[in-house]
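Taking it in order: structure first as structure tokens, then the write-up.
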């Protein structure tokens, strides 16, 4: 059998520019405009990737879709791009929010990276009674989300909010949005069953290592907008639970 995999990849208009380096830029994008990159990105293109003038890249800003640009000038510290044409129009990811209690740095980074890959629209760090690592470097977290968006062909970057306490989250919650609560007690409906019956905008809430306290569980279950679910007979780590529930949500209600 002939191998047409390469032909299928590059003959598809959506894939014609797939191999080009992809960068997030914090600037408006329009054909014919000139764009000067920050030093870090200029260094990345010129020193790390060894790109030269005239070579093409793909750029996006989370609002204006994806564009093809050419390097008009480059050095170790400076790089200027000339925006050529739009490759893809804006397309937002599904309206799903991930609320999670920060855990160890490398595991929180994993949650941010994989949640971005799985298409969350926003992430809301939540401080619970058993949260052991309440501090979160928002600038670093956003950079992690941007890098994941660059790698996974997303046209937008999820918002990441300031950490807030669980009580404050519930008090200010938009009651039109269902909060899907991963309850470790095991007496809730299976997640897949529950998700099939939920309509409208949603969010997922994952607790810290050690889970929610009995009082937090009671408070959550008392809210009409909260739907408790179980992820099976085994106690999952926080990052595993977040990705498992997001995967189920995408399969049932998302863009999969």
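The values are calculated or read from the model by the stated rules, or taken from the named source; none is laboratory data. Model, not experiment: these values are computed from the prediction. Every residue, glycine among them, receives a Cβ derived from its backbone with ideal geometry; neighbour counts consider all protein chains shown.
Of all residues in segment 27-51, count the ones that are out of contact with any strand residue (DSSP E or B) (no Cβ under 7 Å at 6 or more places or on another chain) and within 16 Å of residue 78 (Cα to Cα).
Total meeting the criteria: 9.
Can you pull out the residues in segment 38-69 that are more than 18 Å from residue 157 (Cα to Cα), modelled with pLDDT of 95 or more and touching a helix residue (DSSP H, G or I) at 6+ places or on another chain (Cβ under 9 Å)?
57
Select from segment 180-200 the residues that are in contact with a strand residue (DSSP E or B) (Cβ under 7 Å, 6 or more places away or on another chain) and farther than 22 Å from residue 107 by Cβ and write down the one among them that is modelled with the lowest pLDDT.
186
Select from segment 105-130 the residues that are closer than 17 Å to residue 142 by Cα and not in a helix (DSSP H, G or I) and list them in ascending order.
If the condition is that a residue be closer than 17 Å to residue 142 by Cα and not in a helix (DSSP H, G or I), then 118, 119, 120, 121, 122, 123, 124, 125, 126 are the ones that fit.
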